[in-house]
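S.K.: Mind having a look at this structure? Questions to follow.
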Amino acid sequence: MQAQSNRRGRAHLGVLFAVAAVTVTAPRLALAYLAADGVEVPTTWRVDLLAVSSVATSIVLTGGTAYLAHAIAVASSGRAALVACWAAALGCSGALIAPAIVASLRVQPLAVVLGTSRHWSWSVCAVLAVDLVASGAMLADARRAGPDEGVVHPVGILDSHPLTNVADVPQGVVTSATALLYPCPWGCGRRFATRDAANGHGRHCTARAALRKAAASENNDLAGGAGGREVSQP
Ligand SMILES: [Zn+2]
């Protein structure tokens, strides 16, 4: 249960990053639309909005790429898309920050350091970086939530692999493993949080299926043997 809520908490973190990434871009987007519509925005408002947006964007960008790196590290499959998002976000982030540092070293305006030829690419990077983080965070979130949804007995996830032993579970999930008090009554080795869950998994239990198959073949042999004796008797 705790592992499940932890998983849900981490998944929630992904949505949080995506929502934050979209939210921090909102002031810039609003200013862009207002400018396109020819609406005059007072300079003080403009400065306040852009300052808030810039600080929030830098936090989301740094935190978001770190979150993506973590998501890639723990992903069991489908890493390629996450790695692509992460690498592109890192590339954009580097392309944004490096010229700004050079500008402050040379005590020159950023526009001069970039040169007119690179104004467009720098601006595109600024827009893309946040969107890449938002997309990557949502993707990581979906990857995490995906395989566990629709599992009939989620409490059995920990030891669903035949080679996994409850005693071998890593430190962080031991608390939830100790809650799995009820072993499979047919002896397949899985453990469950409630007796009902243990009894209820019979439909999917490999040990029960094997027992039933053995019993059926035994019955067939008996019937066959009895039939054979009848025939052999005079
Ligand atoms: Zn079983």
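Here is a yes/no grid of residues against (1) within 10 Å of the ligand (Cβ to nearest atom); (2) charged (D, E, K, R); (3) surrounded by 10 or more Cβ atoms within 10 Å (Cβ to Cβ):
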residue: Tyr182; (1), (2), (3): no, no, yes
residue: Cys188; (1), (2), (3): yes, no, yes
residue: Arg191; (1), (2), (3): yes, yes, yes
residue: Ala198; (1), (2), (3): yes, no, yes
residue: Cys205; (1), (2), (3): yes, no, yes
residue: Arg208; (1), (2), (3): yes, yes, yes
residue: Lys213; (1), (2), (3): no, yes, yes
residue: Ala223; (1), (2), (3): no, no, yes
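S.K.: Could I ask something else about it? Among the residues of the stretch 101-120, write down those that are surrounded by fewer than 13 Cβ atoms within 10 Å (Cβ to Cβ) and in a helix (DSSP H, G or I).
M.R.: Listed by number, the residues that qualify are Ile101, Ser104, Leu105, Arg106, Val112, Thr116, Ser117, His119, Trp120.
S.K.: Give me the pairs, please: first residue somewhere in the stretch 83-103 and in contact (Cβ under 8 Å) with a residue 12 or more places away in the chain, second residue anywhere and among the polar types (S, T, N, Q), beta-carbon distance under 7 Å, and either six or more positions apart or on two chains.
M.R.: From the stretch 83-103, the pairs are Cys85/Ser135; Trp86/Thr65; Ala89/Thr65; Leu90/Thr65; Ser93/Thr65.
S.K.: If I filter the stretch 1-11 for residues that are outside any helix (DSSP H, G or I), modelled with pLDDT under 85 and hydrophobic (A, V, I, L, M, F, W, C), do I get at least one hit?
M.R.: yes
The values are calculated or read from the model by the stated rules, or taken from the named source; none is laboratory data. From a predicted model like this one, the values you see are computed outputs, not experimental measurements. Note that each Cβ is placed from the backbone with ideal geometry, even for glycine, and that neighbours are counted across all protein chains shown.
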